[in-house]
Every structure is written in structure tokens, then in C-alpha cells.
Ligand code: SP5
Ligand code: ZN
């Protein structure tokens, strides 16, 4: 399997994130991708290729132009105001406040364009996220050219980012950018399967009222798990998208058997949809050793996951999302990809 590697990922290097009112060491760190790249090479998974620049236009198909402009310039604005280090939001336009007026204040725009204070906006966030989208588009190119599957190794992740907000360590929604690009290249039905521990609120929201992208997810129950405010089982799509969204929340601590049953239920719905392309939001924070998540998958389960995804039978684009047991995520990701390749 070919890997498209985002060589700019290290530009986004937060040292700390906000948690319970304190700065704690960041979980989403460059070493994550370094370990995965090493594991991909050690396993001789296949060629490792650089992204091709497809420009801003395919990103603007799913993200608001004003949001993209904001993220690109935000850290420079922060420094110009005397901010030091990474930028964090502190105020948000919640219910009864207006979000249809873009304030001049930088602090206000940080809140307007974000969902949490746990996502440091660094001097290199834009560079890393831009090239992550380009890597995803390059991966799509290879799948559309006939590759059975391609893996995109990038960070920061993408699935929490909405059309006009960042959060959950995400700035640009790579899965959404790739899905929309696939439609723009002539496909008519794309499935996104999200196996990250966390619900992909951004991806779901972007396609919630559409039937041309089916979003399905297995994740920690938002009653107790991030992103808290989306990802319930009763979210099945709206308007023209009714019936094209499926959530399988599981309680923190759910067993591996419960996890695979939920995966099967996801895949049954996606099978009935008969997509021309499967995009997998591949978070491996479902690992038992993950420091911020509460499922118990291990190497054999990651391998089985890959086999099950192969049996689904569609051209498959894997995009890296979460996974924070830094030294283990390379082996966990490779277990999925090798499980996929070894299955018939
Ligand atoms: C893409 C992705 O996996 N994003 C996850 C974002 C989770 N953000 C909330 C992090 C909460 C950190 N909890 C620290 C627990 C320390 N014991
Ligand atoms: Zn996650």
C-alpha cells in the first residue's frame, strides 16, 4: 500500500494544551507521525510519496473562505497583538450571541472560529494543516487512478474541524476535503467510516443534510466523551440527508466485542448505500494504552479491523486521525493496514 506522507506536519508543534484550567503537555505531537513513518518503513508497507499541491480551491469546497483566511493569518495576528507562543481562544458566541457578524477583535474571531480551548493554534498550524489536505487529495488521486487502497500519514488530524471552526486538535477536515473532491471528480456516492475514539463532529456536520456522502462512526458516548455535543445515536441526517448518517456511541470501557459489533452495524448501513469510495478516518486512540481514551483494542484487533475493512470491498482511502500512545501508534496503524492487505 502506498503512503502519502505530509512532510510539513512538524511545523505544527504545540508544547502545551489547556486542560482543567492548566497548561498540560500536548498530546497531539510531531513524534506521533515520526513513529508511524518509521513503522511504515520497517514493515515495508510500500512506497512513501510526497503530496502534490492542489491549491486552496478544494479546501474551500468544504470550508468557509473567511475561516480559511483566518486560520492562515491567525498566528501572525496573535504575535502582532503581543501574544506569546501558541494562541488559544477564550470567548465563544454561544446561544443568544451572534455569530453572523465577524468582529474586528482577534480574541473574538478566535472564539467565532473555534469550538474548544484544547487546540493550540501555533505558528505552523496552517502550513501543516494545508499540506495535510494536499496529502489527502494526493491520496485520493492514487485511489481514483486504480489503487486498491492508500494511506495518508498526516497531522494535525481533521475530523473535529467544521466548515468554519477548529477544535479537537483539528483545523482542516481532511476527510471532508477528500470526499468532496471525489464527488467533484465524478463520483456520486462516498462513504466516510470514522473509527477514531472520538465522534467526528465536523465531518458529520459538513455532510448532515446531504445524501452524496454517508457518514458512519463508532465512538465513545458523547454523554461523557469529547466532543460531547454531537455523536448521539438519534442523529441520522436531516432534509435530503435523512438516513445518510449513522452513529454508534459506546460507553467508555466498552469491550472489543461490542466495538466490532458496532463496526459491523456501521458497515451494514454503508454496504446498503453501495459507495464507490470508502474513506476511513483512521484514529487509533481506540487502543487500550491510549492516554486520553477508554476503549481496549490492541494489535490483534487492529489487524482484524483491517481485514474487516478489506472485506467491505470498496476502494479505500485511509486518513490518519487521532491516537496518542505515541510510541505505539505506528505499530497500531501498520497492523490495520497490513490486516487490510493480507485479507482477500
Ligand atoms: C482527533 C482527536 O482524537 N481529537 C481528540 C481531542 C480531545 N480533546 C480533549 C482532550 C482531553 C484531554 N484529557 C486529558 C486527560 C489527562 N489525564
Ligand atoms: Zn480521537
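For segment 6-35, a residue qualifies if it is touching a residue at least 40 places away in the same chain (Cβ under 8 Å), part of a strand (DSSP E or B), surrounded by fewer than 20 Cβ atoms within 10 Å (Cβ to Cβ) and touching a strand residue (DSSP E or B) at 6+ places or on another chain (Cβ under 9 Å), and the qualifying residues are 16, 18.
In segment 271-297, what residues are out of contact with any helix residue (DSSP H, G or I) (no Cβ under 8 Å at 6 or more places or on another chain) and farther than 22 Å from residue 203 by Cβ? Residues satisfying the conditions are 288, 291. Checking segment 184-198 against the condition returns a match, with at least one residue being in contact (Cβ under 8 Å) with a residue 12 or more places away in the chain and under 9 Å from the mean Cα position of the chain (by Cα).
Taken over segment 288-344, the criterion of being farther than 19 Å from residue 219 by Cα and within 15 Å of ligand 2 (Cβ to nearest atom) is satisfied by 326, 328. Does any residue of segment 298-311 turn out to be more than 19 Å from residue 1 (Cβ to Cβ), part of a helix (DSSP H, G or I) and more than 16 Å from ligand 1 (Cβ to nearest atom)? Among the residues of segment 298-311, at least one is more than 19 Å from residue 1 (Cβ to Cβ), part of a helix (DSSP H, G or I) and more than 16 Å from ligand 1 (Cβ to nearest atom), which makes the answer yes.
Taking the criterion of being in a helix (DSSP H, G or I) and either within 16 Å of ligand 1 (Cβ to nearest atom) or under 29 Å from residue 225 (Cβ atoms) (or both), the residues of segment 132-161 that qualify are 132, 133, 135, 136, 139. State yes or no: is residue 142 over 11 Å from the mean Cα position of the chain (by Cα) and in contact (Cβ under 8 Å) with a residue 60 or more places away in the chain? Answer is yes for this residue.
Limited to segment 154-167, what total is found for residues that are surrounded by 24 or more Cβ atoms within 10 Å (Cβ to Cβ) and more than 16 Å from ligand 2 (Cβ to nearest atom)?
1
Residues in segment 15-32 that are away from ligand 1 (no atom under 12 Å from the Cβ) and within 18 Å of the chain's Cα centre (by Cα): 29, 30, 31. Residue count for segment 267-282, restricted to those that are under 20 Å from the mean Cα position of the chain (by Cα) and farther than 10 Å from residue 332 by Cβ: 8.
Of the residues contained in segment 41-61, one or more are found to be in a loop (DSSP other than H, G, I, E, B) and surrounded by 20 or more Cβ atoms within 10 Å (Cβ to Cβ).
Only the coordinates and a few stated rules stand behind these numbers; no lab work does. Values in this document were obtained by computation on a predicted structure and should not be read as measured data. Here Cβ is always computed from backbone atoms with ideal geometry, including for glycine, and neighbour counts include all displayed protein chains.
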